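So the structure is just underneath, and the comments pick up after that.
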Amino acid sequence: MLLSASSLSFIAIVVIIGTLVIESSIFFGHVSFIEFITGTEWTVLFEPKKFGVQPLVVATAITSLIALTVAIPVGLATAIYLSEYAGPTVRRIVKSTIELLAGIPTVVYGYFALYFISPNLLMPLIEGLGVHSALAVGLTIGVLIIPIVASLSEDAMYSVPEDFRLAAYSLGARKMDVVFKVVLPAALSGIFASIILAFTRAMGETMIAAIAGGFRVFYSFDPREAMQTMTSFIAQVATGDAPHGTVEYQSIFAVGLLLFFVTMVFNVIALLIVRRWQIRY
Amino acid sequence: MADTLLAERVLERKDTRKKILDKLAPIILSTAVFLAISAVAALLITVVTQGWSRLSLNLILEYPSANPARAGMRSAFLGSLWTVGLSALISVPLGIAAGLYLAEWARWKPFRRFVEFNMANLAGVPSIIFGLVGLSLLTYGLGWGRSIIAGAFTLGIMTLPLVTVAAAEAVKTIPEALKQGAYALGATKLQVTRHIILPNSLPMMMTGAILAISRAIGEAAPILVISGLLFIRQDPTSVFDRFTVMPLQIYNWVSRPQVAFQELSSAAIIVLLLLLMALNATAIAIRYRYQKRLVL
Amino acid sequence: MLAKRIVVEREPVRVGDGGAVIEVKDLAVRYGKKYAIKDINLKFERSQITAIIGPSGCGKSTLLRCLNRMNDLIPDAKVEGKVYYRGIDIYDHTVDPVAVRTVIGMVFQRPNPFPMSIFDNVAFGLRVNGMKLNKTQMQEKVKDALIKAALWDEVKDRLDAPAYSLSGGQQQRLCIARALAVDPDVILLDEPTVSLDPISTAKIEQLLRQICYDYTIIIVTHNMQQAARVSDYTAVMMPDEQMIGRLIEYGPTKEIFTNPRDKRTEDYISGRIG
């Protein structure tokens, strides 16, 4: 009984893959796989229907990369500060504040993007920017994933044994050297994994993209444009209540399968990094 | 002569640049912390200033309406309670069982690593994917329709890893001596699990359960896929009813252009955040209350 | 580099030639309000090995950490009194604690090589000390340090291998090499063999006897045989009734072990305390 309970996670993964593959295969009965992967037009909801997934993929990539450029510096700096500089009280307070940040539902972040980041932060800075933009989505997802980078990296740095720091100090290292030449390299695998996990989280984020990204599918690399990500497309079709069995309905599974595949690859890489590089101190 | 040379080395070191950087580093780094925290502050301030005036009990007593002045989220509130409550009934017992097994029974290391690997993977799957699978398997495959139970199952499986990990951690905190003592008295493994491990690790397991519940309450994407965006003006009466939840109601209001709905969504967010804070406070209280009891 | 090494003709036990390298005067350390050690007065002789022995909790390690200002890194530790290194008060505000540590190196209880290659471990101190060395000079320095630490022959073919591929004893010798690479004058060792097997321990002791002509060595140990085997001088510490560590006897090792003046020393070395 207990055995089957703990195998549930494995069964769940198998079921997820199976479902997505079966549903997608219906979609690929209508649309060729080559067209899906290489096409640059995605007009599933109106005629003439085109099924090139690239615009969605590009939008997802752009928003996720913007998110990383926000989250990596802020998250890492926070982690270094908390692990190496802050006193115990400051560390406790800031850590719990950051965990608070992580517990806020993503729909609230979507609201934040639409009613704060876009109008108060971005639109005054960039002329001609609309309420919906990839930039607003990316920035907000960036804020959302700061806790992932900060918290996991901090764990990795904090668990670097004090022995290393003392050894470095005893060799005449300054604090900078200790932090950047000893602690950071020793925690590198954990930091790397945290960044990859944050990246997959950014790719899978739905509500922020659905609220602040707009539903216009537009093949563009310009982050100032409103663009639809893979997740917000799925959300849009779900909202519109597409009839079961239609190509529109099936298309969300194909997009879902692609998203699942990409995030899975990154997740596995992150997990392997952590396992392979883990040093037994 | 050697003496003075050596002595001078103590006094002098030409790395002024590093010295200055050493002084600057904490200032630069804490700026980042300040940025992160000001993001939380900006978020909370925006929500509270926009939604404060609209906050009233009617918000959870009234049904949604096209007229923002009279609209509430009664159906979403109840929908959330039903769905999340039901999902906890699935994830908590299953998660605790799995955690117990992992920490206490699964001695074969490759298996344990395999399960942990899968669980970490499952935790990394985007939530909307769970929605798709729920839609395909439960809504249409099992014919449950776009119902509460379909949503609850989806959320339950999604939050299962959270409970499992917390439960496994809880079991690991029990001192080995306590278990050995029980075994020494001739207790069987099942008895030790039932009388020593479960009662002692339950508080920590509960914090894991609360974590899973808070996660489920805030989740919008998978429910959106399963239930669609609905306008519901009645209370749920059975688990096979169609439903909506608070985050979806907020999404609906946020997406509308009128300022009145924006205020409404802010007020709804305040309710949602208060609910989450209450849950968190409970978790912390439980942890704090039982933390010191297990020191041998 | 520095023309500093004066090879002293020395006999196994000999009162120092008056050249105290480190002098400790009225030293006390407290954590918050609680004193860990108090009233320590001691002179460490040049090119000699001094052992600090005593039961657990007598403040041996605390005393050792005062000598290169490692106590600065412990948030609420407060050092009172004076420590002179070759006549300079190392707690004076003009003295840079980081520079002190390059002259007075340290080796710890547990082997703690960095998670890097063997070469990078030894080169670490040279790099952070901002020495402008080209590749060959760096290689020479690393080689010298490894030779001094009697590790060169065992690792010369795998300098790029991770330090963790070495055995515990080799790791500890690597830590010694790492400390020697920055060209220190004094080396502090805090129970360096406590986690090692007897053979590795013997190697390290032999190594210390070899390098003591060039360095002043201070070793904390609670293994009395070790103190008797390797040291020229021995300082015995003992906690008093309030658990404050005090120096109860100091002198040539031979005298301490054959003819202790203090009753507590006698009890301790004959195994009645500790």
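Under a no-solvent Debye model with one identical scatterer per Cα of the stretch C:87-211, what's log10 I(q)/I(0) at q = 0.11, 0.20, 0.23 Å⁻¹?
Treating every Cα as an identical point scatterer, log10 I(q)/I(0) equals -0.37, -1.13, -1.41.
Name the longest site-free stretch of chain C, where the excluded sites are GluC sites (Glu not before Pro) in a DSSP loop with no more than 12 other beta-carbon atoms within 10 Å.
Details: sites that count: C:E9, C:E241.
Longest stretch, sites excluded: C:10-240.
Taking every eigenvalue of the Cα gyration tensor of the stretch B:88-229, multiplying by 5 and rooting it, what semi-axes result, largest first, whole Å? Could you put the intermediate results ahead of the total?
On the way: eigenvalues 231, 41, 32 Å².
Equivalent-ellipsoid dimensions as semi-axes: 34, 14, 13 Å.
With each pseudo-label sitting 7 Å past Cα toward Cβ, what's the C:K34-B:L190 distance in nm, one decimal?
Inter-label distance under the simple model: 4.9 nm.
Alpha carbon centre of the stretch B:22-86 versus the stretch A:242-258: separation in Å?
After rounding, the separation between the Cα centres reads 32 Å.
Per 10 Å bin from zero, what fraction in whole % of the C-alpha pairs of the stretch A:191-269 is there, up to the bin with the longest pair?
18, 42, 33, 7, 0
Compute the separation of the alpha-carbon centres of the stretch C:31-57 and the stretch A:163-227 and state it in Å as a whole number.
The distance from the Cα centre of the stretch C:31-57 to that of the stretch A:163-227 comes to 46 Å.
Averaged across A:89-98, how many Cβ atoms of other chains sit within 10 Å of each residue's Cβ atom? Don't skip to the end; give the middle numbers.
Numbers: counts 0, 2, 0, 0, 1, 5, 0, 2, 5, 4.
Taking all residues of A:89-98 together, the mean is 2.
When the Karplus curve 6.51 cos²θ - 1.76 cosθ + 1.60 is applied with θ = phi - 60°, which whole-Hz ³J(HN,Hα) does each residue of the stretch B:206-214 get, with x for Gly and Pro?
5, 4, x, 5, 5, 4, 5, 5, 4
Roughly how far apart, in whole Å, are the Cα centres of the stretch C:201-274 and the stretch C:136-191?
26
Just add up the charged neighbours of C:K156: K/R +1, D/E -1, any other residue whose Cβ is under 15 Å from the Cβ of C:K156.
Values: positive: C:K141, C:K143, C:K148, C:R158, C:R173; negative: C:E140, C:D144, C:D153, C:E154, C:D157, C:D160.
Net local charge, C:K156 excluded: -1.
On a 0 to 90° scale, report how tilted helix A:2-30 is relative to the longest principal axis of chain A, with both axes built from alpha carbons and the result rounded to the nearest 10.
Compared with the principal axis, the helix lies near 40 degrees.
Might you work out the accessible area of B:I286 for me, using a 1.4 Å probe with all protein chains in place, and round it to the nearest 10 Å²?
B:I286 exposes around 40 Å² with every protein chain in place.
State, in angstrom, two size descriptors of chain B derived from its alpha carbons: Rg to one decimal place and Dmax to the nearest whole number.
Rg then Dmax for chain B, in Å: 26.0, 95.
For B:A285, project a label point 7 Å along Cα to C-beta. Then give me every residue of the stretch A:82-99 with its amide nitrogen under 20 Å of that point.
none
For the interface of chains C and A, what total accessible area is buried with a 1.4 Å probe, rounded to the nearest 100 Å²? Each step should come with its number before you reach the end.
Numbers: alone 13070 and 14910 Å², together 26160 Å².
In total, chains C and A hide about 1800 Å² from solvent.
Efficiency by 1/(1 + (r/R0)^6): what FRET value for A:T38 and B:L57, r their Cβ-Cβ distance, R0 = 56 Å, to the nearest 0.05?
0.50
Cross-link candidates for B:K189: which lysines have Cα within less than 16 Å, leaving aside residues fewer than 8 places away along the same chain?
Of all the lysines, those that pass the test against B:K189 - Cα under 16 Å, at least 8 places apart if same chain - are B:K172, B:K179.
Which is farthest toward the positive dipole end of chain C among C:I88, C:N223, C:I269, measuring Cα position about the Cα centre, with Cβ charges +1 (Lys, Arg) and -1 (Asp, Glu)?
Among C:I88, C:N223, C:I269, the one farthest towards the positive end of the dipole of chain C is C:I88.
Mark the label point 7 Å from the Cα of A:D155 along Cα→Cβ and return the residues of the stretch A:161-201 whose backbone N is within less than 19 Å of it.
A:161-162, A:184-201
With springs only between Cα atoms under 10 Å apart, run a GNM on chain C and tell me which of C:V155, C:V83, C:V220 wobbles the most.
Largest GNM mean-square fluctuation: C:V155.
Can you quote the Å³ per residue value for the convex hull of the Cα atoms in the protein assembly as shown, rounded to an integer?
Details: hull volume 174.6 nm³, N = 851.
Enclosed volume per residue, from the Cα hull, is 205 Å³.
Step through the table entries A:K181/C:K135; C:K82/C:K141; B:K109/C:K156; A:K181/C:K43, compare each Cα-Cα distance with 30 Å, and write down the pairs that go over it.
C:K82/C:K141; B:K109/C:K156; A:K181/C:K43
Suppose each label sits 7 Å from its Cα in the direction of the beta carbon; what would the A:M123-A:F46 distance come out to in nanometres?
Between A:M123 and A:F46, the label points sit 2.4 nm apart.
Using all alpha carbons of the stretch C:20-269, what is the percent of pairwise distances in each 5 Å bin, ordered from the shortest bin to the longest?
In order of increasing distance, the bins hold 1, 6, 14, 17, 19, 16, 13, 8, 4, 2, 0, 0 percent.
What's the FRET efficiency of C:T136 with C:S165 using the Cβ-Cβ distance as r and R₀ = 25 Å, to the nearest 0.05?
Details: r = 26 Å, r/R0 = 1.02.
Result of the calculation: an efficiency of 0.45.
If I model a spin label at A:I93 and B:A69 as a point 7 Å from the Cα along the Cα→Cβ vector, what separation in nanometres do I get?
For A:I93 paired with B:A69, the spin-label model returns 4.5 nm.
Choose one answer from A:I11, A:I146, A:I208: the residue with the largest mean-square fluctuation in a GNM of chain A with alpha-carbon springs under 10 Å.
In this elastic network of chain A, the residue with the biggest mean-square fluctuation among A:I11, A:I146, A:I208 is A:I11.
Name the most mobile residue of A:I98, A:I34, A:I72, meaning the one with the largest mean-square fluctuation, in a Gaussian network model of chain A with Cα contacts below 10 Å.
Answer for the Gaussian network model of chain A: A:I34.
For chain A, report the translational diffusion coefficient in µm²/s to the nearest whole number, using Stokes-Einstein at 25 °C, 0.890 mPa s, and a Kirkwood Rh over Cα pairs.
Working: Rh = 20.8 Å.
Rounded to a whole number, D works out at 118 µm²/s.
Give me P(r) over the stretch A:129-281, computed from all C-alpha to C-alpha distances, binned every 5 Å, as integer percentages.
Result returned by the calculation: 2, 9, 14, 14, 14, 12, 10, 8, 7, 5, 3, 2, 1, 0, 0.
Set the Förster distance to 41 Å, then compute FRET efficiency between A:I269 and C:D76 from the Cβ-Cβ distance, nearest 0.05. Don't skip to the end; give the middle numbers.
Details: r = 43 Å, r/R0 = 1.06.
Here the calculated transfer efficiency is 0.40.
Determine how large the accessible area of B:W82 is when every protein chain is in place; take a 1.4 Å probe and give Å² rounded to the nearest 10.
Answer for B:W82: close to 90 Å² accessible.
Heavy-atom accessible area of B:M246 with all protein chains present, probe 1.4 Å, nearest 10 Å²?
0
May I ask for the angle, rounded to the nearest 10°, between helix C:118-128 and the longest principal axis of chain C, with both axes built from Cα atoms and the value confined to 0 to 90°?
Helix C:118-128 and the main axis of chain C meet at about 70 degrees.
Using the Cα centre of chain C as origin and beta-carbon charges of +1 (Lys, Arg) and -1 (Asp, Glu), tell me which of C:V21, C:T258, C:G125 is placed farthest towards the positive end of the dipole.
Value computed over the given set: C:G125.
On a 24 Å Cα-Cα criterion, which of the cross-link pairs B:K23/C:K78; B:K18/C:K38; C:K60/C:K263 come out too long?
B:K18/C:K38
Assign unit charges at the C-beta atoms only (+1 for Lys and Arg, -1 for Asp and Glu), then state the dipole size of the stretch A:41-126 relative to its Cα centre in Debye, rounded to the nearest 20. Don't jump to the answer; show the numbers that get you there.
On the way: 5 positive and 4 negative charges, 35 e Å.
Roughly 160 debye for the stretch A:41-126.
The values are calculated or read from the model by the stated rules, or taken from the named source; none is laboratory data. As the structure is a computational prediction, the values presented were derived from the model and not from experiment. Quick reminder, even Gly has a Cβ in these numbers, built from the backbone with ideal geometry, and neighbours come from all protein chains shown. Side chains included, ligands, DNA and RNA excluded: accessible areas come from the protein's heavy atoms. Shrake-Rupley method; radii C 1.70, N 1.55, O 1.52, S 1.80 Å.
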